[in-house]
């Protein structure tokens, strides 16, 4: 059963949520006595008043309870449950920007901090959306929203039942699909100028075997150290910025 509400915590994520007119917000909780001392918190109060939201001044202990003692920075929004996009929404976002689609698919990523970091990088690198599975993976949560630092309001996330079937659909719609593994083409040679999707697997087991069979090309990150794997969000960041480089080359390289 889906949650009917969730929480967004942290100053920058809260500002981004308040500025997003499509975000359904129920209430703002603010730590008593803080907003007079901080410009960002004063901005948050002004944004909340513009949206005619209920603003509750509460003790820090109340915010600690709402956020399970996470670092809320003195502000929490009670919002409607995070809404997921559809695959069509992701294609529509690319079309609205007159760009070939560029998507990130995540296979069995279970750490909300990794998902939040990847959302943030996807926003910075110009990806049009993220696709995650419904099962055996983290979804959109308050921790993801805080780690994403506002990117959750700008990068649509689609949640699908079956990643293998989704990859097949992407390929039918003209998208080239690239996976990541310990062996493959050096990611620095990846050409992401056309419609492309990048798959990042979990740190422990990588991409699922059935998913590997569907990719058009496997990419790898060369390493010379003894550790032959990277944190999933770090690996994703490196390869995503290769996608950015393809589409936004330096003037002398065009």
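Looking only at region 104-149, residues that are closer than 19 Å to residue 89 by Cα, touching a helix residue (DSSP H, G or I) at 6+ places or on another chain (Cβ under 7 Å) and in a loop (DSSP other than H, G, I, E, B) come to 4 in all. Scanning region 170-180 for residues that are loosely packed, with under 13 Cβ neighbours inside 10 Å and in a helix (DSSP H, G or I) yields a single hit, 172.
Condition check: in a strand (DSSP E or B) and either outside the structural domain of residue 54 (by TED's automatic domain parsing) or over 29 Å from residue 249 (Cβ atoms) (or both). Does residue 183 satisfy that? In short, yes.
The criterion of at least 2 residues that are touching a strand residue (DSSP E or B) at 6+ places or on another chain (Cβ under 6 Å) and over 30 Å from residue 158 (Cα atoms) is met by the following strands (runs of 3 or more DSSP E) wholly inside region 21-97: 54-58.
Counting the residues of region 132-155 that are at pLDDT 85 or above and under 16 Å from residue 110 (Cβ atoms) gives 10.
Within region 53-66, residues that are within 19 Å of residue 6 (Cβ to Cβ) sit with their Cβ atoms under 7 Å from residues that are exposed (fewer than 14 other Cβ atoms within 10 Å of the Cβ), at 6+ positions apart or across chains, in these pairs: 58/32. Within region 128-155, residues that are touching a residue at least 60 places away in the same chain (Cβ under 8 Å) reach partners that are buried (at least 23 other Cβ atoms within 10 Å of the Cβ) and in a loop (DSSP other than H, G, I, E, B) with beta carbons closer than 7 Å, at six or more positions or on different chains, in the pairs 146/10. Kindly establish whether residue 73 is surrounded by fewer than 17 Cβ atoms within 10 Å (Cβ to Cβ), at pLDDT below 90 and not assigned by TED's automatic domain parsing to the domain that holds residue 129. It is false that residue 73 is surrounded by fewer than 17 Cβ atoms within 10 Å (Cβ to Cβ), at pLDDT below 90 and not assigned by TED's automatic domain parsing to the domain that holds residue 129.
The values are calculated or read from the model by the stated rules, or taken from the named source; none is laboratory data. Note that the coordinates shown come from a computational prediction; the quantities given were computed from them, not determined experimentally. No Cβ is skipped: glycine too gets one built from the backbone with ideal geometry, and neighbour counts run over all protein chains shown.
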